[in-house]
1. Got a sec? How would R73, R59, R168 order by Cβ neighbour count within 10 Å, fewest to most?
2. Just name one of F133, L123, A66: the one whose Cα is farthest towards the positive end of the charge dipole of the chain (beta-carbon charges, Lys/Arg +1, Asp/Glu -1).
3. With a 10 Å cut-off between alpha carbons and a GNM built on the chain, which of Q20, Q126, Q84 moves the most?
4. Rank these for me by crowding, V161, V91, going from fewest to most other beta carbons within 10 Å.
5. How high is the FRET efficiency between A99 and A66 when r is their beta carbon distance and R₀ equals 25 Å, given to the nearest 0.05?
6. What's the FRET efficiency of R151 with Q108 using the Cβ-Cβ distance as r and R₀ = 41 Å, to the nearest 0.05?
7. Give the shape of the stretch 23-83 as rounded, prolate or oblate, defined through the alpha-carbon gyration tensor: a ≥ b ≥ c are the square roots of its eigenvalues, a/c under 1.5 means rounded, and otherwise the shape is prolate if a/b is larger than b/c and oblate if not.
8. Amide H neighbours of A117 under 5 Å, counting only residues 5+ apart in sequence or on other chains, H built in-plane at 1.01 Å?
Amino acid sequence: MLDNAELLVAQVNALCDGLQRAQDPGAAFEAIGAATLRMLGPGLLTINAWHAQQSQIERLWSSDTAAYPVGGRKSKGDSAWRRQLLERAEVFVGEGDAALAAVFDDVQVIRDLGCSAVVNVPLCHQGRVIGTFNFLADRAVWSAAELAALRVLAALAGAAVWELLEARR
């Protein structure tokens, strides 16, 4: 989906304009969410905070609030996925139904949304994971350009997650 340079430039400019107008983390999430869906096509995007002491993920923003409402929390026990994404701060790429079923206990909801692949990007502040940026879509394989775009979009979301967490303290 990222093959047209002029379209990409327009999308990036729209994202930058949206972020400049954003007056709070929620507005930044909206701008980033809209840009993600415009650039990468239909799918599910969630932006989450990671509460390491409670071992919980908290959903701060969702592109599908009916299936994945804001405020929802999930406990994340020890797993290869948790160690990779939340402890080592490494991107997780899952492609295909078996990969999704191995990681997500809500795989049926994901299937019902028509998603067959996921990219989870850790959101970090000062070398520590503070959240996740999760994009699910109907893909057999993620392209290198899609992975790079998701990492950049996630980096933009990280600042808004940090701001929201700090405001709660």
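Each value in this text was obtained by applying a stated rule to the coordinates, not by laboratory testing. Bear in mind the structure is a predicted one, so any value in this text is a computation, not a measurement. Neighbour counts are summed over all protein chains in view; Cβ atoms, including those assigned to glycine, are modelled from backbone coordinates with ideal geometry.
1. Details: R73 13, R59 20, R168 7.
Ordered by Cβ neighbours within 10 Å, fewest first: R168, R73, R59.
2. Checked the options; the winner is L123.
3. Greatest mean-square fluctuation among the candidates belongs to Q126.
4. V91, V161
5. Numbers: r = 25 Å, r/R0 = 0.99.
Using R0 = 25 Å, I get an efficiency of 0.50.
6. After rounding, the FRET efficiency stands at 0.90.
7. prolate
8. G96, A137, R139
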